[in-house]
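Undergrad: Here it is, the structure, as structure tokens.
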Amino acid sequence: MIPLIITLLLPLISSLLILFMNKENVKLIKYFTLISSLITFLISLFLLFNFNNTNPDIQYYINVTWVSSLDAGFRIGLDGMSLLLVMLITFISPIAILSSFDSIKTREKEYYFMILLLQFAMVGVFTALDTFLFYIFWELILIPMYFIIGIWGGKNRLYATVKFFIFTMVGSLFMLVAIIWLGNYVGNEILKTGFTTDYLKIKEVANLIPLNYQNWLFWAFAISFFIKVPLFPLHTWLPDAHTEAPTAGSVILAAILLKMGTYGLIRFNLEFFTSASIANASLISIFAVIGIIYGALVAAIQTDIKKLVAYSSVSHLGFVVLGIFSMTAIGIQGAIIQMVNHGLSTGMLFLLVGIIYERRHTREISEYGGIARIMPVYATFFAIAMFSSVGLPGLNGFVGEYLTLIGAFTSPILNSWGYAIAASTGVIFAAVYLLWMYQRVFFGTVDNPSNLNLKDLSKREWAFLVPIVIFIVWIGLHPSTFTNISENSTRKLVNKIENVKFGITPYPELLKNSNLKTNSNQINNNKIGK
Amino acid sequence: MNNIPLEYYIALSGILFTIGTLGVILRRNAIIVFMSLEIMLNSVNLAFISFARYLGDTSGEIFVFFVMAVAAAESAIGLAIILALFRKKQTIYVDEVNVLKH
Amino acid sequence: MTITQSYLNNLMASVGYFAPEIAIVVTFIVAILFDLMFKKSKNIAAYISIIGLIITGFILSGNIGISKSLFDGLIVVDPYSTFFKFLFLITTILIMVMSLSYKELYDNNRKVGEYYSMLVGITFGMFLLASAVNLITIYLSIEILSLSSYVLAGYTKEIRRASEASLKYVIYGSLSSGIMVYGMSLLYGATMTLDVAKINVAILSGHVELFPIIIGGLMILVGFGYKMSAVPFHYWTPDVYEGAPITITSYLSVASKAAGFAVFIRFFKDLYLLPATSDINIWNTISNFHWQTIVAVLSVLTMTVGNFVALWQENVKRLLAYSSIAHAGYILMAVVVMTNVGITSILLYFVFYMIMNLGAFFVAQLFANKIGSDDLKDYIGLGYRSPVLAVLMTVFLISLTGLPPTAGFIGKFYIFTAVLDKGFVWLAVIGVLNSVVSLFYYAKIFRNMFLRSVADDTKNNFKFSAPAFPLSIAYVLAFATILFGLYFSPILNWAENSVTMFK
């Protein structure tokens, strides 16, 4: 429990400490931020080692009453899925911070304050087990992100940051209405104990809400998450935000912020509104598949490397959504591992783009060519990140995409092969646009004289790229280290879904240590037509 | 007085009130606007007094005293403001007072 | 003899509970007298007023938890009115403290004694208004409040926009109070009493003509709507807010508005109260007439017009004026349901709104002191020229938008809770959409401050901050904004108690 609190609060405390530092003393601020985030990472390792993989329920649960009249509390805890994502945050944050040592040259104090505040809010989002608390963290993300893009971003940062802000805000306000309505309905109509925002309480009974209400609530939550994911056609803010954000901003945006959407879909939509999720699964999967193909096609015609990577995110996140709404254990597991993968590989791609941008101040593909001869190490790292993103077997991307496709293929709820087949074309497209880009940038002759004197990677750049590569290979070769962590919590969720839909329990071994059994009767009563 | 029915008084007060309101809205001379406001308040007074008389209840008449006092204060302040503005702008026409966009 | 005796007894019993108001009147007189006697010291009236109001606060705390009808039912003292009175008192004291550092006010060696005593006068009016349960006291206290506000709006009279604001204010104000008092005469004519509770009894008895009551109610709504600056009675707001001294603008946008809501809620709740079922359907006392719909339409109009017009504003004061109209709309959403939960959320919202709105106006004032402008385009780059003030401004704006972790979010959360509690999903959705719109223009301010920077060669590129004292007040307000976003139970309890004991 204590490691969880430290993981959550240390970034906040450090960010507040930064406020008291002298802004002239940039070095102190930089290293303080880095060390603080490294300590956070080390402490979060305790979470990993003490985690009980066999227990599908929430662990490290902390429940402190906050507002008694709303039954809102400071309730945090982790299950397998959120543990993986929290580890991703604590792992990526020091890397993002290290990568901005050279690229951020103005207002460093404010920058590092914002980054740490962002880290606090992100951990908060993935650990909150209270709808009120979740919403607060969810909105808290916006403020640092707005300033990170808006102050340290590129030329069009104003447009990008306002667009980002407005898009996310619109979605989340609908979620706010839904949270209140849900708290009111569950608290006053079902439990009759008064308004509540307790995630665990709501989870037990939320599926008793009549389907027509559930549909509204489902969409109110889902719109907000879809914007964040982003699911086609709500993705238009993403390329702008990515292109304009500073490198670290892009890394955090891609690696973690987008996962808030997919995490929310599993955590809230599937858990709360199971019936509505089942009813809407096909529709959403269609959009996911369109997003996969659309993202890949648009990525292929980009002339800006960063924009290309941004559109590839749309495509990759489509796989995650497809995996989630396949509603099978394999599919959801694939989605979770794909979330981590995307964080690593796309995060690394953004870092690499940032590295070359710092040297040449352009991201146009046509400006480059033959870079492999001048910067061989850089080219190698880029190749690893790219192959990971393409989904080369042996690297992490393959595992995630494979599992999600299998999930979509075998899903009894989608009940069609079409989704998986259409989505798999996305894998081929990904290979096309990434390899083509790689070829144009790295192979051929060095036409542009300004590329001749580029320096290869510095020690600092090595330092933040190597850890990512280790994990890319690790997940690729031995995925079960990671899938085991979330296996049981996923299975428990699938138990619930299949119970609602078909009245069966595919993973009965989990029943003895979960409370599903006691509720299965209730849920059966509300079963929607098969 | 008792021979004239209440309705007549109320109708008169309604007519006065309408005249006053229209005057405030339509006239542009600030002095006339304030006169129209006085007409409005007087129509209120008439209504109160006739109700009080008709119902045999004195509280309406008490109200009238307050309305009169307030009316006096209101026009005093209004005229003072018009004076202050006149010193700056040399006009008492409200539509010529337009620094602030409408 | 015995009647006189009982009158006297009643009077004597009432005076004790009336002590806060008496203290205010004494403060008012002492402030004016001392200002005349000590011409050398400019701020003596200000200090006396502040001290007097603080003493009033102590006296007022004696009334906490007391529910009593005073002076033969002219006014009541109850937790509801006491809550608002504390709100008014704190607002007034804050405004006075803020005024001390307001450059425009002290320009031209102006005498400021009346300024502070007028503020005390307004406070007196608002105190009465929060307690008023008789048509006479309602009218009289509204007028006390208004008359002082007219003068204060035009206090910097050599600035033309101030005089102009004042003129518009007095004309529109008198017009709407004239309409209101005519409505009162109709209510009186129909029910033969000026006491709101007795009017309620008369309506419930069913022997009165409903037509004058409905028309009268609507006309009174005009008067209250004017004070609350609800659309379509808002037309004065932007001009007056832009023209008046900025301290008065913020005062009107908080205290005067709160007073309007205080009397509006009490009046309609008392007037249409059903005896047994105090919580449900109070709007349906007069069947076939949909007060609730009217208030709902008013609410939707108010927030929508306020927010959309705010989008086009290029002047920060005017922008905040329209935003305050929009906030009146949010608050009206909770009036629509008129449940205890709803009224609690209104009280809560007002506390938070006071803090954040005063804060925003105050920082705008501190900016204006230095850069001499309220124009949005002059705010460009302020985030770098005056980082501390700009950050404080951002905190207030984020709170006004209703984003966590600030007080504004909690306020909105409770209002939405109250609205959804009674199933008004459509109203909540409109409210939410409006919040999105409001985001655009609030973001415009902090976008200009931080995300755009001025060219270095302009002469206006000096860095500045505010003097320590005003700055510390802004700090306190910003701190409170964030603190109440995280911990607000005491205020919530207080608001809940203030409502449950109110009839």
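The values are calculated or read from the model by the stated rules, or taken from the named source; none is laboratory data. What you see is a predicted model; the values in this text were computed from it and never measured. Note that each Cβ is placed from the backbone with ideal geometry, even for glycine, and that neighbours are counted across all protein chains shown.
Undergrad: For segment C:127-135, state whether one or more residues are more than 10 Å from chain B (Cβ to nearest Cβ), more than 30 Å from C:Gly57 (Cα to Cα), surrounded by 24 or more Cβ atoms within 10 Å (Cβ to Cβ) and touching a residue at least 12 places away in the same chain (Cβ under 8 Å).
TA: No, segment C:127-135 contains no residue that is more than 10 Å from chain B (Cβ to nearest Cβ), more than 30 Å from C:Gly57 (Cα to Cα), surrounded by 24 or more Cβ atoms within 10 Å (Cβ to Cβ) and touching a residue at least 12 places away in the same chain (Cβ under 8 Å).
Undergrad: Follow-up. Does A:Phe101 meet the test of being among the aromatic types (Phe, Trp, Tyr), within 15 Å of the chain's Cα centre (by Cα), surrounded by fewer than 24 Cβ atoms within 10 Å (Cβ to Cβ) and over 25 Å from C:Tyr487 (Cβ atoms)? Talk me through it step by step, then tell me what you get.
TA: Working: among the aromatic types (Phe, Trp, Tyr): yes; within 15 Å of the chain's Cα centre (by Cα): no; surrounded by fewer than 24 Cβ atoms within 10 Å (Cβ to Cβ): yes; over 25 Å from C:Tyr487 (Cβ atoms): yes.
It is false that A:Phe101 is among the aromatic types (Phe, Trp, Tyr), within 15 Å of the chain's Cα centre (by Cα), surrounded by fewer than 24 Cβ atoms within 10 Å (Cβ to Cβ) and over 25 Å from C:Tyr487 (Cβ atoms).
Undergrad: Which is within 14 Å of chain C (Cβ to nearest Cβ) and either touching an Asp or Glu at 6+ places or on another chain (Cβ under 9 Å) or free of Cβ contacts under 8 Å to residues at least 60 places away in the same chain (or both), of A:Asp102, A:Asp130?
TA: The match here is A:Asp130.
Undergrad: Go through segment A:56-81 and give me each residue that's touching a residue at least 40 places away in the same chain (Cβ under 8 Å), within 14 Å of chain C (Cβ to nearest Cβ), not in a strand (DSSP E or B) and not charged (D, E, K, R).
TA: A:Ser69, A:Leu70
Undergrad: Looking at segment A:267-280, which of its residues are crowded, with 24+ Cβ neighbours inside 10 Å, in a helix (DSSP H, G or I) and of a type in the set (A, V, I, L, M, F, W, C)?
TA: Result: A:Phe268, A:Phe272, A:Ala276.
Undergrad: Residue under question is A:Trp219, and the condition is that it be surrounded by fewer than 24 Cβ atoms within 10 Å (Cβ to Cβ) and at the interface with chain C (Cβ under 8 Å from one of its Cβ atoms); does it hold?
TA: Judged against the criteria, A:Trp219 is not a match.
Undergrad: Tell me whether segment A:82-100 contains one or more residues that are in a loop (DSSP other than H, G, I, E, B), on the phi < 0 side of the Ramachandran plot and modelled with pLDDT of 85 or more.
TA: Within segment A:82-100, none of the residues are in a loop (DSSP other than H, G, I, E, B), on the phi < 0 side of the Ramachandran plot and modelled with pLDDT of 85 or more.
Undergrad: For segment A:133-155, give me each residue that is in a helix (DSSP H, G or I) and in contact (Cβ under 8 Å) with a residue 60 or more places away in the chain.
TA: A:Leu133, A:Phe134, A:Trp138, A:Ile141, A:Met145, A:Ile148, A:Ile149, A:Trp152
Undergrad: Moving to a separate point now. Within segment A:5-55, how many residues turn out to be assigned to a helix (DSSP H, G or I), touching a residue at least 40 places away in the same chain (Cβ under 8 Å) and among the β-branched types (Val, Ile, Thr)?
TA: Count: 8.
Undergrad: In the set C:Ala474, C:Ala443, C:Ala480, C:Ala466, which member is assigned to a loop (DSSP other than H, G, I, E, B), under 16 Å from C:Ala360 (Cβ atoms), out of contact with any strand residue (DSSP E or B) (no Cβ under 7 Å at 6 or more places or on another chain) and not β-branched (Val, Ile, Thr)?
TA: Only one candidate qualifies: C:Ala466.
Undergrad: Next up: I need a count of the residues in segment B:67-97 that are assigned to a loop (DSSP other than H, G, I, E, B) and more than 8 Å from chain C (Cβ to nearest Cβ).
TA: Taking segment B:67-97 as the starting set, the residues that turn out to be assigned to a loop (DSSP other than H, G, I, E, B) are B:90-92, B:97.
Keeping just the survivors that are more than 8 Å from chain C (Cβ to nearest Cβ) gives B:90-92.
Within segment B:67-97, residues that are assigned to a loop (DSSP other than H, G, I, E, B) and more than 8 Å from chain C (Cβ to nearest Cβ) number 3.
Undergrad: May I pose another question? Tally the residues that are of a type in the set (A, V, I, L, M, F, W, C), closer than 20 Å to C:Ser185 by Cα and buried (at least 22 other Cβ atoms within 10 Å of the Cβ), restricting the search to segment B:25-61. Spell out how you get there, then give the answer.
TA: Taking segment B:25-61 as the starting set, the residues that turn out to be of a type in the set (A, V, I, L, M, F, W, C) are B:25-26, B:30-35, B:37, B:39-41, B:44, B:46-49, B:51-52, B:55.
Retained after the next criterion (residues that are closer than 20 Å to C:Ser185 by Cα): B:37, B:39-41, B:44, B:46-49, B:51-52, B:55.
With the extra rule that they be buried (at least 22 other Cβ atoms within 10 Å of the Cβ), the set shrinks to B:37, B:40-41, B:44, B:47-48, B:51.
So the count comes out to 7.
Undergrad: Residues to consider are A:Asn212, A:Asn184, A:Asn188; find the one that is at pLDDT below 85 and surrounded by fewer than 23 Cβ atoms within 10 Å (Cβ to Cβ).
TA: A:Asn188
Undergrad: Could you check A:Val64 against (1) closer than 30 Å to A:Leu352 by Cβ; (2) in contact with a Lys or Arg (Cβ under 9 Å, 6 or more places away or on another chain); (3) of a type in the set (A, V, I, L, M, F, W, C) and say which number it fails?
TA: Status for A:Val64: all satisfied but (1).
Undergrad: Answer yes or no: is there a residue in segment A:156-176 that is farther than 24 Å from A:Ala245 by Cβ, more than 20 Å from the chain's Cα centre (by Cα) and of a type outside the set (Phe, Trp, Tyr).
TA: Yes, some residue in segment A:156-176 is farther than 24 Å from A:Ala245 by Cβ, more than 20 Å from the chain's Cα centre (by Cα) and of a type outside the set (Phe, Trp, Tyr).
Undergrad: I would also like to ask the following. I'm trying to understand the selection: among the residues of segment C:232-250, which are buried (at least 24 other Cβ atoms within 10 Å of the Cβ), part of a helix (DSSP H, G or I), of a type outside the set (S, T, N, Q) and within 13 Å of another protein chain (Cβ to nearest Cβ)?
TA: If the condition is that a residue be buried (at least 24 other Cβ atoms within 10 Å of the Cβ), part of a helix (DSSP H, G or I), of a type outside the set (S, T, N, Q) and within 13 Å of another protein chain (Cβ to nearest Cβ), then C:Pro238, C:Asp239, C:Val240, C:Tyr241, C:Glu242, C:Gly243 are the ones that fit.
Undergrad: Filtering segment C:140-172 down to residues that are surrounded by fewer than 24 Cβ atoms within 10 Å (Cβ to Cβ) and among the aromatic types (Phe, Trp, Tyr), which residue is farthest from the chain's Cα centre (by Cα)?
TA: Across segment C:140-172, the extreme among qualifying residues is C:Tyr155.
Undergrad: Residue under question is C:Leu451, and the condition is that it be surrounded by fewer than 22 Cβ atoms within 10 Å (Cβ to Cβ), at pLDDT 85 or above and at the interface with another protein chain (Cβ under 10 Å from one of its Cβ atoms); does it hold?
TA: Judged against the criteria, C:Leu451 is not a match.
Undergrad: Any idea which residue in segment C:159-178 is modelled with the highest pLDDT, counting only those that are in contact with a Lys or Arg (Cβ under 9 Å, 6 or more places away or on another chain) and facing chain B (nearest Cβ under 7 Å)?
TA: Ranking the qualifying residues of segment C:159-178, first place goes to C:Ser166.
Undergrad: Show me the helices (runs of 4 or more DSSP H) entirely contained within segment C:99-196 in which 1 or more residues are within 30 Å of B:Tyr9 (Cβ to Cβ).
TA: Counting at least 1 such residues, we get C:135-153, C:160-191.
Undergrad: Scan segment B:12-32 for residues that are more than 17 Å from C:Pro212 (Cβ to Cβ), modelled with pLDDT of 90 or more and at the interface with chain C (Cβ under 8 Å from one of its Cβ atoms) and report the count.
TA: Of the residues in that region, 2 qualify.
Undergrad: Only one residue in C:Ile398, C:Ile410, C:Ile380 is within 11 Å of chain A (Cβ to nearest Cβ), out of contact with any strand residue (DSSP E or B) (no Cβ under 7 Å at 6 or more places or on another chain) and more than 22 Å from C:Ala262 (Cα to Cα). Which one? Quick ask: steps written out before the conclusion?
TA: Values: C:Ile410 fails: more than 22 Å from C:Ala262 (Cα to Cα); C:Ile380 fails: within 11 Å of chain A (Cβ to nearest Cβ).
Testing whether each residue is within 11 Å of chain A (Cβ to nearest Cβ), out of contact with any strand residue (DSSP E or B) (no Cβ under 7 Å at 6 or more places or on another chain) and more than 22 Å from C:Ala262 (Cα to Cα) leaves just C:Ile398.
Undergrad: Read through the list (1) hydroxyl-bearing (Ser, Thr, Tyr); (2) under 26 Å from A:Trp152 (Cβ atoms); (3) in a loop (DSSP other than H, G, I, E, B), then give the number of the only condition that C:Tyr384 fails.
TA: With respect to (1) hydroxyl-bearing (Ser, Thr, Tyr); (2) under 26 Å from A:Trp152 (Cβ atoms); (3) in a loop (DSSP other than H, G, I, E, B), C:Tyr384 is out only on (3).
Undergrad: Kindly indicate whether B:Val64 is crowded, with 19+ Cβ neighbours inside 10 Å, assigned to a helix (DSSP H, G or I) and either of a type outside the set (A, V, I, L, M, F, W, C) or at the interface with another protein chain (Cβ under 7 Å from one of its Cβ atoms) (or both).
TA: Against the criterion (crowded, with 19+ Cβ neighbours inside 10 Å, assigned to a helix (DSSP H, G or I) and either of a type outside the set (A, V, I, L, M, F, W, C) or at the interface with another protein chain (Cβ under 7 Å from one of its Cβ atoms) (or both)), B:Val64 does not qualify.
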